[in-house]
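The values are calculated or read from the model by the stated rules, or taken from the named source; none is laboratory data. Quick caveat: nothing in here was measured; it's all calculated off a predicted structure. So basically every Cβ, Gly included, is an ideal-geometry build from the backbone, and we count neighbours across all protein chains shown. Please note that ligands, DNA and RNA were not included when accessible areas were found on the heavy atoms of the full protein model with its side chains. Shrake-Rupley method; radii C 1.70, N 1.55, O 1.52, S 1.80 Å.
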Amino acid sequence: MAVVHSVLQSLPGKWADGLGPSSLDQVVDANFLGARPDGTGGAARILFTVGSADVADAVVRSRCGLKGSGSSIFEALSDREWAQHKALWPAYEAARASGQKAQFRRARLFVDGLPVPAPAS
């Protein structure tokens with residue numbers, strides 16, 4: 001756990017100030033990915049895994065504190081979440097092609113601010 005905390009706390013800025021120690025304690029794993037392979041983007045990319053979706057949302061919301069630092073944090077989705085993300089991808093592409101605002105929050109898709117239900121498996 002000490003390695004996870006050192007990776008997260010090595011990020012510049014005060015991005016974790018709003019999380020509190022209990023949220024940081026729920027970060028299960030954090031891996032330094034280095035700079036982007038194509039040379040674009042920031043100096044550091046961190047992939048993290050947490051125990052709950054609420055903590056993941058809190059970590060993602062806090063990443064605005066990294067703006068301008070050249071660093072990024074990304075969340076690792078569970079297998080179930082990846083399957084849901086992949087199932088919703090065609091709806092995401094269709095919404096974007098029609099000019100709607102579409103975004104993922106973890107494995108949930110929102111189009112024009114409204115949640116899109118995952119297709120039945």
Note on the stretch 73-119: residues open to solvent by 70 Å² or more (accessible area, probe 1.4 Å) and within 17 Å of Phe48 (Cα to Cα) are Phe74, Asp79, Arg80, Trp82, Arg105
Looking at (1) at pLDDT 75 or above; (2) of a type in the set (Gly, Ala, Ser); (3) assigned to a strand (DSSP E or B), which is the one condition that is false for Ser72? (1)
Would you point out which residue out of Leu8, Leu24, Leu19 is in a loop (DSSP other than H, G, I, E, B), modelled with pLDDT under 70 and open to solvent by less than 30 Å² (accessible area, probe 1.4 Å)? Leu19
Need pairs with beta-carbon distance below 6 Å; first residue at negative phi and within the stretch 72-89, second in a strand (DSSP E or B) and of a type outside the set (Phe, Trp, Tyr); sequence gap 6+ or separate chains. Ser72/Arg45; Ile73/Ile46; Phe74/Leu47; Ala76/Leu47; Ala76/Thr49; Leu88/Leu109
Starting from residues that are touching a strand residue (DSSP E or B) at 6+ places or on another chain (Cβ under 9 Å) and basic (Lys, Arg), keep the ones in the stretch 44-64 and report whichever is least open to solvent (accessible area, probe 1.4 Å). Arg45
Is it the case, given these coordinates, that Phe104 is at pLDDT below 75 and of a type in the set (Phe, Trp, Tyr)? no
